[in-house]
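The values are calculated or read from the model by the stated rules, or taken from the named source; none is laboratory data. Model, not experiment: these values are computed from the prediction. Please note: Cβ atoms are built from the backbone with ideal geometry, for glycine as well, and neighbour counts cover all protein chains shown.
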Amino acid sequence: MLGRLESGPTAGDGRNGTPRLPHPDVGRPLPQPQELQETSQPAWLGVFHTRHLANTLPAVPIRRAISDDVPVLRALWAESSDETTFTPYPGSPFSESLVTDHLAFLAEEAGAATGCVYAALPSEHYGFVFGLYVRPAARRHGLAQGLMRAVAEALRDEGRRYVVLSVETPNEAARSLYEQLGFVDVARTLRTDVDQLL
């Protein structure tokens, strides 16, 4: 998940799947649909057309987050970070700007928060998803897909055609979810130790 997936670590901080803050590749132009090809390689940066999610996923109780939701979103961010194990460095800290400067969605059941997702808007053509997280007790019920659909609908309503995200290669559960949703591998994010270059 672009953030986190229903099965565990969320995407969104470079440690779990989707970068929590806008990814360095966010400003790069995306390939046209005819340039996108399926690949068996691990996906680092995936893209898909917004109509796919908006038309195929079941409805779940999800709404746009507001400033009053900051405390619960901060708690979800901390829970997500605690599950993260994919990188040797800590994720970015929560910031209120995640709600005020980006799209933010909150899933609730019986008044209790069950999941969230964010999307940066670096381009008029696409949104960059990060911080997808579903609490363990609410997983395996389509909530991650529902959160992704909420993002897709918001992007489509604003005239954007694509959803882009990044996912850590070892995060097989997240990669599987994104493949099921129609994401294809279009770019790579690489990492090395500073000393390796000195």
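Taking F94 as the residue in question, decide whether it is at pLDDT 95 or above, in contact with a helix residue (DSSP H, G or I) (Cβ under 6 Å, 6 or more places away or on another chain), in a loop (DSSP other than H, G, I, E, B) and not acidic (D, E).
The answer is yes for F94.
Kindly indicate whether A138 is more than 21 Å from A120 (Cα to Cα), hydrophobic (A, V, I, L, M, F, W, C) and surrounded by fewer than 21 Cβ atoms within 10 Å (Cβ to Cβ). Quick ask: steps written out before the conclusion?
Working: more than 21 Å from A120 (Cα to Cα): yes; hydrophobic (A, V, I, L, M, F, W, C): yes; surrounded by fewer than 21 Cβ atoms within 10 Å (Cβ to Cβ): yes.
Spelling it out, A138 is indeed more than 21 Å from A120 (Cα to Cα), hydrophobic (A, V, I, L, M, F, W, C) and surrounded by fewer than 21 Cβ atoms within 10 Å (Cβ to Cβ).
List the residue pairs whose Cβ atoms are under 8 Å apart, where the first residue sits in the range 82-107 and is within 14 Å of A120 (Cα to Cα), the second is at pLDDT 95 or above and among the aromatic types (F, W, Y), and the two are 6 or more positions apart or on different chains.
Cβ pairs passing all conditions: L98/W77; L98/Y118; H102/Y118; L103/Y118; A104/Y118; F105/Y118.
Go through the range 141-161 and report how many residues are surrounded by fewer than 21 Cβ atoms within 10 Å (Cβ to Cβ) and either farther than 13 Å from R64 by Cα or of a type in the set (K, R) (or both).
9
Being among the acidic types (D, E) and assigned to a helix (DSSP H, G or I): is that true of E108 here?
In short, no.
Which ones in the range 62-81 are in contact (Cβ under 8 Å) with a residue 12 or more places away in the chain and more than 22 Å from E168 (Cα to Cα)?
Those that are in contact (Cβ under 8 Å) with a residue 12 or more places away in the chain and more than 22 Å from E168 (Cα to Cα): I62, R63, R64, A65, I66, S67, D69, V70, V72, L73, R74, A75.
If you check S80 against the conditions, is it at negative phi and part of a helix (DSSP H, G or I)?
In short, yes.
Name the one entry in L190, L165 that is in contact (Cβ under 8 Å) with a residue 24 or more places away in the chain and aliphatic (A, V, I, L, M).
L165
Inspect the range 167-190 for any residue being among the basic types (K, R), modelled with pLDDT under 95 and not in a helix (DSSP H, G or I) and give the result as yes or no.
Checked the range 167-190: at least one residue is among the basic types (K, R), modelled with pLDDT under 95 and not in a helix (DSSP H, G or I).
Give the number of residues within the range 174-191 that are surrounded by 19 or more Cβ atoms within 10 Å (Cβ to Cβ) and under 26 Å from T114 (Cα atoms).
Of the residues in the range 174-191, 6 are surrounded by 19 or more Cβ atoms within 10 Å (Cβ to Cβ) and under 26 Å from T114 (Cα atoms).
Return the residue satisfying two criteria in turn: it lies in the range 107-131 and is among the hydrophobic types (A, V, I, L, M, F, W, C) and farther than 15 Å from E153 by Cβ, and of such residues it is nearest to the chain's Cα centre (by Cα).
Within the range 107-131, the match that is nearest to the chain's Cα centre (by Cα) is F130.
Can you name every residue in the range 162-173 that is buried (at least 18 other Cβ atoms within 10 Å of the Cβ) and polar (S, T, N, Q)?
Residues satisfying the conditions are S166, N171.
Conditions tested, residue by residue: (1) out of contact with any Ser or Thr (no Cβ under 8 Å at 6 or more places or on another chain); (2) at pLDDT 95 or above; (3) part of a loop (DSSP other than H, G, I, E, B); (4) not charged (D, E, K, R).
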| position | (1), (2), (3), (4) |
| --- | --- |
| T114 | yes, yes, no, yes |
| P122 | yes, yes, yes, yes |
| G127 | yes, yes, no, yes |
| A137 | no, no, no, yes |
| A152 | no, yes, no, yes |
| R156 | no, yes, no, no |
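Mind checking which residues of the range 57-77 are at pLDDT 95 or above and in a loop (DSSP other than H, G, I, E, B)?
A65, I66
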